[in-house]
Structure formats: C-alpha cells, structure tokens
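The next block holds one structure in the form of structure tokens; read it before the comments.
Laboratory data are not the source of any read-out in this text; all were calculated from the coordinates shown. These numbers come from a predicted model, not from an experiment. Cβ sites come from the backbone with ideal geometry, for glycine too, and all protein chains shown count toward neighbours.
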Amino acid sequence: MKLVAVGTVAFDSIETPFAKSEKVVGGAATYITLAASHFVDECGLISVVGDDFPTSTLDEMKARNIDLQGLEIKPGEKSFYWSGKYHYDFNTRDTLVTELNVLAGFNPVVPPSYKKTSFLMLGNLDPRIQLSVIAQFEERPHLIVMDTMNFWMDTAWDNLMLALKEVDVLTINDEEARQLTREYSLVKAARKIMEMGPQYVVIKKGEHGALLFHERSIFFSPALPMEEVADPTGAGDTFAGGFIGYLAKTHNTSFDNMKRAVIVGSAMASFACEKFGPQRLLELTQDEINERIEEFVELMDVEILIED
Ligand code: AMP
C-alpha cells in the first residue's frame with residue numbers, strides 16, 4: 001500500500017452563520033482518504049465506526065479505491081460524533097459536542113497488507129492511537145505526516161509529545177500552533193514545534209492560506225479567495241490528504257516538492273468548502289483539480305524588478 005491514513009470516520013452536525021446541517025458524514029480520515037484518492041491508486045484506511053454508519057458512504061469510498069480492510073465496524077455501537085459552530089469569519093469555530101463513542105475503546109489493528117507502507121497520514125486523533133499505529137509497521141514509513149488539534153492538547157498532552165517525536169511533518173492550524181507552543185509569532189511557534197520532533201511544520205491559516213516551515217526556510221501558499229463558502233469543515237484534513245497524496249504520487253519528499261504539495265493541498269481544501277460534508281470530494285474530476293491548481297499558480301504569479 002503506497003499510502004495509509006488513520007483518523008476518525010464520523011458524523012458531524014455543523015452550523016455556519018448562514019446554514020445548518022444535522023448529522024452529515026464527516027471525520028478526519030474520511031476527508032483525508034477522499035482527497036488522497038485523487039492522487040494515488042490505492043489508499044488504506046484505519047478507523048472504527050459503529051453499525052450506524054451508512055454502508056452507502058463506505059461503498060462510495062471503495063469505489064474511489066479506498067481500501068477498508070483497516071476499518072473496524074463495531075456492532076451495536078455508535079460512531080464518533082462531533083458538532084461545531086462557525087463564527088462569522090468562517091475561520092474560527094466552537095466545538096459544541098465531542099462524543100467519542102466507538103473511538104473510546106479503539107485499538108487499531110494495521111492489516112498485514114498495510115505493513116510496508118511508504119506514506120502514513122496520522123489524522124487528528126488520540127495520540128495514543130497514532131503511536132500504536134506507528135509501532136505496528138514492519139519498516140518505518142518513508143514519510144509520516146501528523147495532524148492534531150486543541151482537544152488532544154487539553155486531554156492527552158504527554159502522549160501528544162511522544163507522538164510528535166515520531167513524525168516528519170506536523171500539520172496544525174494557527175490557533176493550535178499558538179496553544180501548543182505558547183508563542184504568538186507563528187515563526188517562533190514553528191521553530192518550537194520543530195524542536196519537539198517534526199522537521200517540517202505546516203501551519204494552516206484557513207482563508208489566509210498555509211505556511212510551510214523547514215529549518216530556516218519558509219514557504220507560503222494563499223488560500224483561494226472564494227465568493228461563497230458553504231462549510232469549511234474538513235478543509236484541514238482535505239489539505240492534508242491532498243498534501244500527502246501528491247507527495248506519495250510523486251514519491252519525492254524534498255522541500256521543493258513539499259511546496260508543490262502545499263499548493264495541491266490548498267487547492268483540494270478549497271473544494272471541500274464548497275458543499276456541506278465531503279460531497280464535493282466524491283464528485284471531483286481530474287480536470288477540475290488541474291484547473292484549480294492552475295488558479296493557484298496564477299494567484300501567486302508575479303514579476304517584480306528589484307532596483308539596486
Ligand atoms: P477540520 O475541519 O479539517 O479540522 O476537521 C473536521 C473533522 O474532524 C470533522 O469531520 C470531525 O468529525 C473531526 N473531528 C472533530 N473533533 C475531532 C477530534 N477530537 N478527534 C478527531 N477528529 C475530530
């Protein structure tokens with residue numbers, strides 16, 4: 001398996017300033033694998049759901065060559081449930097409910113066919129589970145990317161620190177980077193995170209784009225200025241799926257290629273915002289993706305003469 005992702009497969013209820021949706025399919029790993037499936041032929045998924053999760057969604061995922069051998073379905077239990085409410089700027093949100101349900105007792109089992117994976121995406125999840133997944137690979141994956149959020153900083157700090165030591169790239173949003181490091185400056189925050197383990201840090205700033213840090217180098221990608229945002233839920237995970245999917249497709253983890261991966265991730269994230277839930281990622285065509293990446297190239301295109 002070229003790429004494996006672990007994370008939540010869930011139900012979300014979302015409220016934006018303009019609309020509300022009750023219980024749509026969500027979860028970090030749902031967004032990650034659907035985004036990555038546009039770049040790799042096969043993508044393994046490690047997660048757990050209850051028997052309340054719709055088989056039609058699982059069939060749609062299988063149809064996109066997402067391998068579900070690593071997805072445990074627990075009879076009689078409920079899937080992870082999250083509910084959030086966005087503020088007027090769509091960039092910040094409050095978590096209203098987090099029900100771990102089936103996730104509370106989850107002990108992930110990495111299927112034998114996943115054990116020689118080159119690219120591993122640890123979606124936002126209990127760091128205890130992230131660590132357990134890393135430990136089960138026969139050889140360390142070539143690249144491990146991890147995502148996390150404030151919930152785990154508040155509830156699982158020690159394991160979070162252990163997990164950070166094991167990964168190559170951390171993707172995190174700006175507010176969370178500040179919470180993790182107690183630094184307001186994102187440059188200082190990224191430096192502190194690199195001291196915690198990862199050699200690369202991506203700080204996502206919602207509609208203000210994303211920053212990639214490595215040693216003393218910084219790269220910035222804008223986000224696509226959009227006329228309408230339906231629902232930003234999953235944009236960060238979709239970014240991560242596009243980012244690692246592109247790296248896996250090109251099998252190149254140089255800093256220059258990571259810059260491209262940040263653009264690809266940003267392009268994929270813009271699609272995720274267009275509809276509630278992961279719907280848009282299911283319908284996307286390669287032509288649409290290429291056109292969107294082209295829009296990013298134009299957005300960043302500038303010639304400037306610097307006078308002596
Ligand atoms: P994002 O908007 O990219 O930050 O991710 C939103 C997704 O993360 C939603 O679909 C939720 O189901 C999922 N999620 C929310 N809270 C958690 C949590 N504490 N652990 C894992 N996944 C979560």
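Remarks
- Looking only at residues in segment 110-126 that are without any contact (Cβ under 8 Å) to a residue 60 or more places away in the chain and over 17 Å from the mean Cα position of the chain (by Cα), the one that is surrounded by the most Cβ atoms within 10 Å (Cβ to Cβ) is LYS115.
- Annotation: of all residues in segment 3-31 being more than 9 Å from the ligand (Cβ to nearest atom) and within 18 Å of MET146 (Cβ to Cβ), the one that is surrounded by the most Cβ atoms within 10 Å (Cβ to Cβ) is ALA5.
- Test result for MET194, surrounded by fewer than 23 Cβ atoms within 10 Å (Cβ to Cβ), part of a loop (DSSP other than H, G, I, E, B) and of a type outside the set (Val, Ile, Thr): no
- Condition check for LEU180: outside any strand (DSSP E or B), over 18 Å from GLY70 (Cβ atoms) and either among the hydrophobic types (A, V, I, L, M, F, W, C) or touching an Asp or Glu at 6+ places or on another chain (Cβ under 8 Å) (or both): yes
- Residues that are in a strand (DSSP E or B) and either of a type in the set (Ser, Thr, Tyr) or under 25 Å from THR155 (Cα atoms) (or both) within segment 83-119 comprise SER83, GLY84, LYS85, TYR86, ARG93, ASP94, THR95, LEU96, VAL97, THR98, GLU99, listed in sequence order.
- Residue match in segment 232-248 (condition: assigned to a helix (DSSP H, G or I), within 16 Å of the ligand (Cβ to nearest atom), within 21 Å of GLY123 (Cβ to Cβ) and of a type in the set (Val, Ile, Thr)): yes
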